[in-house]
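What follows is a short report on a single structure.
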Amino acid sequence: MKTLEVVNPKMDERRIRPEMTVREINARYPACRAVFARHGMGGCGGELGPDEPLEFFAAAHRVDLCCLTAELERAAAGGQVETVTPALEFEKKLSRLYKSYIRAAIGITLTFGTAWGAHILATIALNRSFDAPNYAGTQAHGHAQLYGWVGLFIMAVAYFSLPKILNSRLRSLAPAWIAFGLMLTGILLRAVAQPLAAEPLFGWLVLASAVAELAAVGLFVGDAGRLLARGVAPARGFRWFVGASLTSFLALAALNLALVVPLWREHGTVIADPANSRFLHLAVFGFIINMILGYSLRLLPIFLGLRPTRERLLLPAFLLYNVGLAARLFGGGLAAGMLMFAGMALYVLALRILEPSAGEVKARGVDASFPWFVRLAYGWFVIATTMVLGGDVYTIMTGAAPAHIYTGAWRHAVTVGFITTMMVGLGYRLLPLFAGVDLWRPSWMQASFWLLAVGNTTRVVFQLATATGERWAYLVMGTSGVMELTALALFGVAIAKTFAARQNVLFTPEQISPRTHVRWLLDNFPQAREELARAGLRHVRTAVHIPYFVTLEQAARIHGVEVDGVVEHLRQTLGGATPAAASADESKMAS
Ligand code: HEM
């Protein structure tokens with residue numbers, strides 16, 4: 001915890017109050033932006049920061065509220081504005097990056113991922129047989145979901161949030177953009193080429209896709225690993241789980257390449273078991289779940305107001321879980337299942353995620369259903385890990401592997417019940433916060449929740465019921481794909497609309513200066529066009545496109561008028577503009 005010398009202005013002179021939002025403070029006292037930047041805000045929430053109370057920021061960035069308030073009071077009093085522009089410019093570029101990753105992840109799950117999955121499921125249901133679909137297609141669906149939907153999503157959140165959590169910085173975004181191009185190419189090539197890989201050309205494309213994905217993962221793990229090594233660990237256990245996830249991701253990409261080489265050489269289309277199952281286990285339990293467990297330690301106690309984490313349980317949880325995982329990858333049966341189960345149980349006890357909250361749930365700007373996603377997801381994590389152990393016990397008792405429908409049922413319980421439900425719940429809460437805008441249609445969250453919850457439960461239960469061979473069991477199971485696809489489509493639309501929204505900008509006269517960009521003014525305050533013309537910048541009245549880099553200073557020079565007069569006129573005339581009025585007009589026009 002950071003400690004600083006406390007200044008104690010008289011109560012009524014205080015400028016900074018705990019209930020003020022970060023955005024309000026930055027708008028009123030631009031000098032405070034540097035203080036927030038020092039504590040890891042970065043571009044979270046856009047130019048003025050998130051519309052969250054100061055006390056939430058202090059908790060999220062683990063800074064003592066009292067010291068932070070003192071530091072802000074000093075900055076506000078001093079009025080000295082440190083140049084944060086380069087950092088903000090970098091954050092704007094970082095925002096463009098993570099939004100591209102997220103859009104691609106959603107685009108892939110709504111096509112090669114969940115939509116294709118729903119189609120495969122319908123084929124199984126209508127033919128009453130799990131052998132009916134082309135299995136190479138099923139594997140390509142699984143790959144698109146693991147690398148595309150989940151992989152790109154995790155890379156987006158890590159690129160945007162790891163520097164802030166670890167109070168460190170990426171030196172350049174070039175590797176991240178190259179990784180994006182390589183990853184997307186690899187995933188799309190694999191989805192198209194694997195089912196056709198009996199043809200030599202497509203065999204080469206599958207090989208090329210694995211090489212591209214390995215290069216992309218290498219770049220990402222390099223960046224994230226450097227941040228983890230350089231940064232300050234925020235929460236006990238965060239670094240262990242995130243480190244294990246990054247290591248698993250790199251091993252996964254290398255294993256993927258090793259598994260497709262025989263496919264290419266022998267013109268095959270399907271990766272055989274047990275290699276395929278081990279690959280899927282490393283992907284799901286190694287890369288993805290370790291990342292979720294690391295971030296959960298960092299985020300959930302604050303966002304859900306959980307009781308204090310039982311920190312002494314974290315190391316045994318981490319070791320049991322990951323030793324169990326490693327044992328599984330080397331063929332370990334019951335022992336591997338028991339170790340992972342014990343690790344999961346200790347982790348859930350440590351995080352206290354299935355206990356009632358002690359504090360307030362931070363659900364500002366989203367629907368009250370936000371915590372439902374997280375708690376339901378962890379419920380499915382417990383169920384799925386228990387089912388894995390159940391399968392191991394069955395094998396010990398019978399000497400046979402569990403039935404395909406059983407393995408498929410727990411796999412869906414973990415990929416949709418735990419992973420996807422967590423992603424959608426946290427996505428609804430975090431992505432608007434990152435972007436500095438309000439979530440579009442928060443009411444849609446409940447629909448997504450129930451469609452995912454009922455869809456996944458239907459799949460798991462009725463997939464097991466297909467053991468009866470009954471037609472109704474297959475048909476009911478088949479409907480679950482449509483429910484889950486609809487849930488993800490609602491999420492996709494809401495996030496796309498949210499990303500398209502303009503940041504609500506709180507207007508204060510201090511914001512207007514000769515360096516203010518004309519386009520920023522017009523984007524956020526359409527009425528500024530008339531006022532600019534009245535102040536002497538007459539061409540603005542009819543100008544269709546004004547480049548973003550044009551400042552008031554430059555425009556005034558072009559029009560041969562004094563910029564100070566223009567600035568003064570805008571401060572007076574726009575003084576009345578409130579963000580709500582401005583953005584409300586914007587969104588009414590947008591919807
Ligand atoms: C949300 C809706 C989804 C639907 C309707 C769906 C549908 C399916 C179906 C029908 C199968 C074949 C089942 C079998 O033969 O037993 C399957 C397999 C699979 N799915 Fe999905 N899935 C969905 C989501 C996901 C997600 C979110 C992931 C990963 C994060 C995922 C990863 C996989 C994997 C890895 C396999 C096994 C592939 C293999 O055997 O190599 N699925 N899915």
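For the chain, carbon and sulfur atoms together expose 64% of the accessible surface, with a 1.4 angstrom probe and every protein chain in place. When the trypsin sites (Lys or Arg not before Pro) in segment 360-412 are filtered for DSSP coil states and for at most 12 other beta-carbon atoms within 10 Å of their beta-carbon, no site remains.
Neighbours of residue 372 by Cβ distance under 15 Å: Lys/Arg scored +1, Asp/Glu scored -1, total +2.
Based on protein heavy atoms only, segment 98-297 ends up with 34 Å² per residue of surface accessible to a 1.4 Å probe. With each label modelled as a point 7 angstrom along the Cα→C-beta vector, the residue 258-residue 358 pair spans 4.5 nm. Grouping the Cα pair distances of the chain into 20 Å bins from zero gives a pair-distance distribution of 19, 50, 25, 6, 0 percent in increasing distance order. Once the cut-off is 32 Å, how many percent of the Cα-Cα pairs in segment 98-297 end up in the long-distance tail? Every Cα pair in segment 98-297 considered, those over 32 Å come to 17 percent. Loop-resident trypsin sites (Lys or Arg not before Pro) (DSSP state other than H, G, I, E or B) in segment 139-239 with no more than 11 further Cβ atoms inside 10 Å of their Cβ: 171. The long axis of helix 174-193 is offset from the longest Cα principal axis of the chain by roughly 40 degrees.
Computed packing ranks the peptides 486-492, 350-356 as 486-492, 350-356, most packed first, by mean other Cβ atoms within 10 Å.
Per-residue surface analysis assigns residue 553 an accessible area of about 80 Å², computed on protein heavy atoms at 1.4 Å probe radius. The label-point distance for residue 229 and residue 119, in a model that sets each label 7 Å from Cα toward Cβ, rounds to 4.4 nm. Protection proxy ranking, highest mean first, for peptides 173-186, 146-159: 146-159, 173-186, where packing is the per-residue count of other beta-carbon atoms within 10 Å, averaged. Quick one: helix 563-574 against the long Cα principal axis of the chain, what's the angle to the nearest 10°, folded into 0 to 90? The angle comes out at about 70 degrees.
Measuring between alpha carbons in the structure, the pairs from 92/164; 93/164; 99/362; 362/497 lying more than 19 angstrom apart are 99/362; 362/497. Kirkwood hydrodynamic radius of segment 246-380, from the reciprocal of the average inverse Cα-Cα distance over all distinct pairs: 16.7 Å.
Quick one: net charge around residue 353, please, counting Lys, Arg +1 and Asp, Glu -1 for every other residue with C-beta under 12 Å from its C-beta. Net charge around residue 353: +3.
For the pair residue 185 and residue 519 in one chain, pulling the backbone fully straight at 0.36 nm per residue adds 116.8 nm over the alpha carbon distance.
Take the Cα of residue 564, step 7 Å toward its Cβ, do the same at residue 55, and the gap between the two points is 4.5 nm. Taking the longest Cα principal axis of the chain as reference, the axis of helix 314-329 is set at about 50 degrees.
The share of alpha-carbon pairs in segment 182-266 lying farther apart than 15 Å comes to 60%.
The values are calculated or read from the model by the stated rules, or taken from the named source; none is laboratory data. Note that the coordinates shown come from a computational prediction; the quantities given were computed from them, not determined experimentally. In this analysis, Cβ positions are derived from the backbone assuming ideal geometry, glycine residues included, and neighbour counts consider all displayed protein chains. Accessible surface areas use protein heavy atoms only, side chains included; no ligands, DNA or RNA. Shrake-Rupley method; radii C 1.70, N 1.55, O 1.52, S 1.80 Å.
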